[in-house]
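The values are calculated or read from the model by the stated rules, or taken from the named source; none is laboratory data. Quick caveat: nothing in here was measured; it's all calculated off a predicted structure. Here the Cβ is made from the backbone with ideal geometry for all residues, glycine too, and neighbour counts use every protein chain on show.
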Amino acid sequence: MIHGRSNAGERRPGFMALTPSTMLPLGTPLPLESLLQELIPVHGGPLRAELLRGRPVLVLFLCPHCPFVKHIEPEIDRLQADLGERAALVGICSNSTLTHPQDGPEGMAQQARSRGWTFPYLADPNQTVARAFRAACTPDPFLFDRDGRLAYRGQLDGSRPGNAVPLDGRDLRAALEALLAGRPVEGEQIASIGCNIKWHPGNSPDWA
């Protein structure tokens, strides 16, 4: 059973209202053309088509300032080390630099360098890629299979800032392990929760 469990509007001390992922339909194709044409490389080199073919692709919508992204950064570090060349890892920041300049290329590059990330981390200045994914929050993970079809979307795990749940990526890792073993992804998929994507003024989509 697929759950888009939502806590939209919930507030925690010190944090803004929480936004859930939209839970894009499983089987949705990877928007390859949009990824290759609309994104600007910031760190980790340009995005190449061959990187995204023939193996699982994990796309993470991130940003430098969000406390929910900062919370999962250690698990992103571990995923990068554990996946190696078996799957492609791609980071995207779609936040408006008009309203949040700290999420621009300089902040992204500093974030990536401080964590030792080597995967492509790219800016989405026109927010067209975020729209193609119906991305809503940071972090917002999307995992595609070897054929470029969406197999998992939702939380890394149940850990959130301040809730004492272990940060181990168990939900996402179970999906990754299934795809790497050639098995379908099974079980519950729970929406990711985080800060909302910061849309350009007047550019908010209907799901924001």
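Below are the figures for this structure:
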read-out	value
Neighbours by Cβ (under 6 Å, 6+ apart or cross-chain): first from the stretch 37-56, within 17 Å of Asn95 (Cβ to Cβ); second surrounded by 20 or more Cβ atoms within 10 Å (Cβ to Cβ) and aromatic (Phe, Trp, Tyr)	Val42/Tyr121; His43/Tyr121
Residue that is farthest from Pro101 (Cα to Cα), among those in the stretch 172-188 that are in contact with a strand residue (DSSP E or B) (Cβ under 8 Å, 6 or more places away or on another chain) and not small (Gly, Ala, Ser)	Pro184
Only listed residue being more than 14 Å from Leu58 (Cβ to Cβ) and at pLDDT below 95, chosen from Ala136, Ala164, Ala181	Ala164
Search result, residues across the stretch 27-68 that are among the polar types (S, T, N, Q) and either in contact with a strand residue (DSSP E or B) (Cβ under 9 Å, 6 or more places away or on another chain) or within 21 Å of Ile193 (Cα to Cα) (or both)	Thr28
Cβ pairs under 9 Å, 6+ apart, first in the stretch 189-206 and closer than 19 Å to Asp103 by Cα and of a type in the set (Phe, Trp, Tyr), second at pLDDT 95 or above and in a loop (DSSP other than H, G, I, E, B)	Trp199/Ser94; Trp199/Asn95; Trp199/Ser96; Trp199/Thr99; Trp199/Gln127; Trp199/Pro205
Per-region count, the stretch 162-206, residues surrounded by fewer than 20 Cβ atoms within 10 Å (Cβ to Cβ), of a type outside the set (Val, Ile, Thr) and more than 17 Å from the chain's Cα centre (by Cα)	21
Residues within the stretch 163-183 that are farther than 17 Å from Gln80 by Cβ and touching a helix residue (DSSP H, G or I) at 6+ places or on another chain (Cβ under 9 Å), tallied	1
Of all residues making up the stretch 66-91, the number that are in contact (Cβ under 8 Å) with a residue 60 or more places away in the chain, part of a loop (DSSP other than H, G, I, E, B) and within 21 Å of Ser114 (Cα to Cα)	1
Filtered residues of the stretch 63-80 (kept if hydrophobic (A, V, I, L, M, F, W, C) and farther than 18 Å from Asp157 by Cα)	Cys63
Residue in the stretch 1-59 that is modelled with the lowest pLDDT, counting only those that are of a type in the set (Val, Ile, Thr) and assigned to a loop (DSSP other than H, G, I, E, B)	Ile2
